[in-house]
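Here's the structure we're looking at; comments come further down.
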Amino acid sequence: MFFKGLLGTLPLLTLLRSASGDLLREIEDALKNATDCSSCHALLVPLQTLAHLGDDAFVDTFVSVCDDFGLEDPDVCQGIFAKDGPILAHDLRRISATGQTATKFCDAVFGLCNPPPVNAFAVPFPKAAPANPKAFKSTGKLPFQVIHISDVHIDRFYTLDSEANCTKPICCRNFADETGPPTEPAGPNGNSHCDSPVTLADSMLEAAQRIGSTAKFTLFTGDVVEHTSWLVTKTEVTNDLEAFNAEMASKLKAPVYPAIGNHDSVPSNAFPRNTTITSMDVQWVFDTQSAGWARWIGATAALQEGHTSGSYSAVVPGLNLRIISVNTQYWYKQNFWVYDSNIQQPDPNGLLAFTVQELQAAEDAGQRAFIIGHIPMGKEDLLNDQSNYYDQITQRYKNTISAQFFGHSHKDQFEIAYSDYSNQTASTATSIAFIAPALTPTSGNPAFKIYDVDPDTFEIMDARVYITNISAPNFQSSPPQWEFYYSARATYGPLVTPPLPADAPLDAAFWHNLTEVFAVNGTAFQMFNTFISRGGDVQACDDSCKAATICDMRALRAENNCDNPTPGFMFKRGETEAHISVSESDACEGKGIAHILKALVNRVSLSLISMRVPATACLDTS
């Protein structure tokens, strides 16, 4: 018996243990026709039947399809579907194939639907905004410094002289199926096809301490674990988290205020809601970080982190500043646990309510607040509902929030929130989010930031980026050399009209004015486009790309970005069908299960014989 048609000829005995030929033909037909949102809903019907046959049948089916199409190496197919397949099967057994959750599922998993309209929900606030909010005024004191690091993705199995140009999603390891001498031996300090070796991570921490020796504290916005998501285990992730906590403690003298990243669990991205009944809980992640972070955030906040799904709030000693760390993974499209109910749940695990609670405490105490998290609120891979509700909080507490800090994209970026998204001006710009570049070399030159912060207003006065150049001739022959790359104030301040005054902050209004400059000054925009990857992976960006990029800068609310892909096939300008583009979220996520399933529906519909999409760098999506 065979699975025929566009899927080719696949032996059913290896494809399924228990499904009937009729079901396979139904899945075949549904895959063949899966080119838009309505056909994706139709595809879910036979997949639900398959899911009801059990997790093993579901996983075995997709492992065989992944293998037979060569979507990934066999070990990658097996590992990814074994880890994430049961979550997708769990979802499919619990939702309607035609409901709104199914639309969100089709968007996240197959890329065949656009997000549905935002469900109306008014975030409850304990108090109305004060008629005369406290004014935070600068007295001209010297700013203090804050270090910002993110997305370190340390691979503790990185192996010197292993193959750096391999067929896996991430390289520079001794994989069992690799034979023969390497074509590109891995050097000691890292490679653009690989995650960070310990030597690179240690050099960054040492450079951050040396350059930011007077910093009051460090912000770490998540993602410790490397991208080998098909291999990682609970033991490995626990060891990775503990090891990096110890390294930060030994090399950074000031306190660290961290956030949890989407890769800091097993499976990656998997954070079940409190309403989900499952044996795959992630309390062990929160317990590990509660114990590891207590040295910096204090016992009360550490206890809060362990009991509030990885979120906490802490007042910085000696400063009128509260740092609120939010576990954004419950609002992440690639957290497949959020698709297991037809009932819309506006506030998974109460994290919106937690954020309100802590901002209200800050307002009542006359404090300013930094909000930190992993995934920026305006990205395409944030759920529009929760991003909208979070924006309501941002607007309510706009006088308390001085700045927000995220990572995840691996790019040097920013996003602006507006009180009126239909009238985006400097006067309606209310909050600014700084997005840190990554340490991992997969997305450009490794980098970190240092901010100058006004001690009265806690607004950002400058943001300086430091990099190590992985293309430098001596990069592998000596310890990585970290150097100043650019100052946002010195580079961008003179570009706006009038030029930024010496005592003015880099606030939301300033960044909006800069987007106005980018819209008319091609040289300035292309400079920003180079800075995105720190000059390490610069992607061409034409006028259409520029318009979309500026749109994204003006979207700290996900529904307003310009990254939602048209369902179906997306090609970069000038690409052939053999180079199908991936969204920014797919590229940064790596070759996870959604990447493979999107490749599958593309492959079936296009009848491509082979396709390999680079996923070890964050690609431009224009």
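Every number in this text was worked out from the coordinates using simple rules, so none of it is lab data. These figures come from a predicted structure and were not determined experimentally. Positions of Cβ are backbone-derived with ideal geometry, glycine not excepted, and every protein chain shown enters the neighbour counts.
Relative contact order (percent) for the chain, with alpha-carbon contacts under 8 angstrom and 6 or more residues of separation? RCO, the chain: 16 percent.
Note on the chain: with charges restricted to the Cβ of Lys and Arg (+1) and Asp and Glu (-1), its dipole about the Cα centre is near 1260 debye.
Here is the result for the stretch 362-438: no chymotrypsin sites (Phe, Trp or Tyr not before Pro) lie in DSSP coil with at most 14 other C-beta atoms within 10 angstrom of their C-beta. Shape class of the stretch 165-268 from the alpha-carbon gyration tensor: oblate, with a/c at 1.5 or above and b/c at least as large as a/b. Selection among 375, 362, 409 by position relative to the dipole of the stretch 338-413 gives 362 as farthest towards the positive end (Cβ unit charges, Cα centre). Here the Debye sum runs over all C-alpha atoms of the stretch 448-505 as equal scatterers in vacuum, and log10 of I(q)/I(0) at q = 0.20, 0.28 Å⁻¹ comes out as -0.78, -1.11. Ordering 102, 297, 477 by Cα displacement along the dipole of the chain toward the positive end leaves 297 in first place; charges were set at the Cβ atoms of Lys, Arg (+1) and Asp, Glu (-1).
Between the entries [x] 30.1; [y] 24.8; [z] 28.7, the label attached to Kirkwood radius over Cα pairs in Å calculated for this structure is [y].
Dipole check for the stretch 440-527: with +1 at the C-beta of Lys and Arg, -1 at the C-beta of Asp and Glu, and the Cα centre as origin, the magnitude is about 440 Debye. Over the chain, DSSP H runs of length four or greater, each weighted -39,500 (n - 2.57), average out per residue to a 222 nm ellipticity of -10500 deg cm²/dmol.
Note that the stretch 327-344 has calculated 3J(HN,Hα) couplings of 7, 6, 5, 6, 10, 9, 4, 7, 8, 5, 5, 7, 10, 9, 8, 6, 7, 5 Hz, one per residue in order, obtained from phi through the Karplus relation 6.51 cos²θ - 1.76 cosθ + 1.60 (θ = phi - 60°); glycine and proline are x. In sequence order, the stretch 266-280 has phi-based couplings of 9, x, 4, 6, 8, 10, x, 6, 4, 7, 8, 8, 7, 7, 8 Hz under the Karplus curve 6.51 cos²θ - 1.76 cosθ + 1.60, θ = phi - 60°, and Gly or Pro positions carry x.
If one takes the longest principal axis of the Cα atoms in the chain, at what angle in degrees, from 0 to 90 and to the nearest 10, does the Cα axis of helix 198-211 lie? Around 10 degrees separate the two axes. Rounded, prolate or oblate: which fits the stretch 396-461, taking a ≥ b ≥ c as square roots of the Cα gyration tensor eigenvalues, rounded meaning a/c under 1.5, else prolate when a/b beats b/c? Since a/c reaches 1.5 but b/c is at least a/b, the shape of the stretch 396-461 is classed as oblate. How would the stretch 7-153 be classified by its alpha-carbon gyration tensor: rounded, prolate or oblate, with rounded meaning a/c under 1.5 and the a/b versus b/c comparison settling the rest? Cα axes put the stretch 7-153 in the prolate bin. Farthest toward the dipole's positive end in the chain, which of 215, 596, 248, given Cβ charges of +1 (Lys, Arg) and -1 (Asp, Glu) about the Cα centre? Value computed over the given set: 215.
Structure note, pairs 83/104; 333/398; 137/449; 32/333; 251/591; 141/253: Cα-Cα distances above 28 angstrom occur for 251/591. With semi-axes defined as the square roots of five times the eigenvalues of the C-alpha gyration tensor, the equivalent ellipsoid of the stretch 299-424 measures 23, 19, 14 Å, largest first. Taking Cα centre as origin and charging only the Cβ of basic (Lys, Arg, +1) and acidic (Asp, Glu, -1) residues, the dipole magnitude of the stretch 30-168 rounds to 1420 debye.
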